[in-house]
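What follows is a short report on a single structure.
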Amino acid sequence: MKGVRGMEDIGKRHRDTQCVHAGVKRDGTGALVPPIYQVSTFAFKDVDHGAALFAGKADGYIYTRMANPTVQALERAVATLEGGAGGLGCASGMAAIHTTFAATLRAGDHVVSSAFVYGPTRTLLETVLSRFGVEATFVDTSDPAAVPGALRKTTKLIFIETPGNPTLAVSDIAAIARVAHASGARLVVDSTFMSPVLQQPLALGADVVIHSMTKFLNGHADVVGGMIVVKTPEDYADFRKVLNQVGGVIDPFNSFLVLRGIRTLAVRMERHCRNAEAVARFLEGHSKVARVSYPWLPSHPQHELSKRQMRGGGGVVSFELKGGIEAGRTLMNSLRLCTLAVSLGGVETLIEHPASMTHASMGPSARREGGITDGLVRISVGIESADEIIADLEQGLARIA
Ligand SMILES: Cc1ncc(COP(=O)(O)O)c(C=O)c1O
């Protein structure tokens, strides 16, 4: 397979161009977009060829868990967008997080993590990694002073999710990278809420970026997938060996769909940001709303940092109603355009209740530590007409007594 003429410098192109062209290599047919190589295994020319492939002495494919041309096209695309040495396509965002922990941690190691992370990330550390001798401390990483205090001699990994799900608290990637590297730890950033279009953690000093591609990268609520992008070729080789063993790889068909989603990522993110900001401003001005969290609102506690570190506020807004959980229940049950469902980052607007849904597995005390109150409502603002999304919220809010 050959690179595409005129696109040899794709790594230096504007992100809008990268979204449309990154990852493409031409096969012998000249197919414009990477076809779906929906196969599990690849034929060898002869025994010596098979042995050379296994020994890493020949280029080619062996078995789809190890490498597949369609999966590689997606991996190249996301690695290009993040400016990393390589990408590793995973079966889900959680598979990407688990693979990262498996590749970097051993018994006796310690992790410092944002307290406001996607619920299952915390649960994975507390209930699975703990059984393998890995300890974790959860702190408010939006306060840079909190991280150094949580470090131990055994801290090997700092894991931050920024903006965090669902509070949208923002952590200072560059400052935390300096703290991590001064103590010999790696910084891993879950950048799912931003996509590579709005935030580039590796350029700010992170060592590893994670995406749940289920969200904005795919953008169409029809794929579960994850991606790890690492900064160095050495990490790429190590992570690849671990992913081959733990086996949580994405398949060719889903890779094709996510790559198709990425082609429109830049324009979708523009609209998500515009609509989410309009929704956040509407909610902030509404008499039944107690508080709104959205990084592009001047009232957001890390608004200045957000403006420095990100290119837009993203598509997710969280808010609390004055009437608490009961008011939230009335609102969520009254909406007609916005759908009551978990997940986020798709073209359609979704609304959910973190305490009883996405963050239920954490339990009440971990939720309190992560700032997730029982009355918090999360909305993933889609790319429909902003006026119609707001009108739907308005009629729902009017039903609250
Ligand atoms: C920030 C974040 N990270 C990771 C995940 C996990 O991704 P997946 O559901 O693709 O496993 C999610 C899912 O909602 C998420 O919001």
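The values are calculated or read from the model by the stated rules, or taken from the named source; none is laboratory data. This structure is a prediction, so every number in the text was calculated from the model and none was measured. With ideal geometry, Cβ positions are generated from the backbone for all residues, glycine too; neighbour counts draw on all protein chains shown. Protein only, heavy atoms only, side chains kept; ligands, DNA and RNA dropped before computing areas. Shrake-Rupley method; radii C 1.70, N 1.55, O 1.52, S 1.80 Å.
Entry note, region 263-394: relative contact order of 28 percent, from Cα contacts under 8 Å with a spacing of 6+ residues. Computed over the chain, the quotient of the alpha carbon radius of gyration and 2.2 N^0.38 Å is 1.00. Just the Cα atoms of region 284-363, one point each, no solvent: what log10 I(q)/I(0) does Debye give at q = 0.13, 0.14, 0.19, 0.23 Å⁻¹? Calculated log10 I(q)/I(0) at the listed q: -0.49, -0.57, -1.01, -1.26. Each principal axis of region 43-166 carries a Cα extent, and these read 58, 31, 22 Å when sorted largest first. When peptides 92-100, 258-266, 164-172 are sorted by average Cβ neighbour count within 10 Å, with the highest value leading, the order is 164-172, 92-100, 258-266. Within region 67-123, the proportion of Cα pairs with more than 16 Å between them is 57 percent.
With every protein chain in place and a 1.4 angstrom probe, the accessible-area ranking of 337, 376, 32, largest first, reads 32, 337, 376. If R0 equals 35 Å, the separation of the Cβ atoms of residue 49 and residue 12 corresponds to a calculated FRET efficiency of about 0.45.
Over all Cα atoms in region 302-346, the spread is summed up by Rg and Dmax: 14.3, 38 Å. Here the alpha carbons of region 9-104 define both size measures, Rg and Dmax, at 15.3, 45 Å.
Using a Gaussian network model of the chain in which every pair of alpha carbons under 10 angstrom is joined by a spring, one finds that among 240, 311, 106 the greatest mean-square fluctuation is at 106. For the chain, the solvent-accessible area of protein heavy atoms averages 41 Å² per residue (probe radius 1.4 Å; ligands and nucleic acids excluded). The label-point distance for residue 27 and residue 2, in a model that sets each label 7 Å from Cα toward Cβ, rounds to 1.7 nm. The distance from the alpha carbon centre of region 177-200 to that of region 97-121 is 13 Å, rounded to a whole number.
Counting pairs of Cα atoms in region 159-208, how many percent are more than 14 Å apart? Can you show the working numbers first?
Working: 545 of 1225 pairs.
Counting every Cα pair in region 159-208, those more than 14 Å apart make up 44 percent.
Extent along the principal axes, Cα only, for region 194-273: 37, 32, 14 Å, with the longest axis given first.
Short-range pairs are left out: with C-alpha atoms under 8 Å and at least six residues apart, the relative contact order of the chain is 17 percent.
Over the Cα atoms of region 127-237, the radius of gyration divided by the Kirkwood radius equals 0.97; this is the Rg/Rh ratio.
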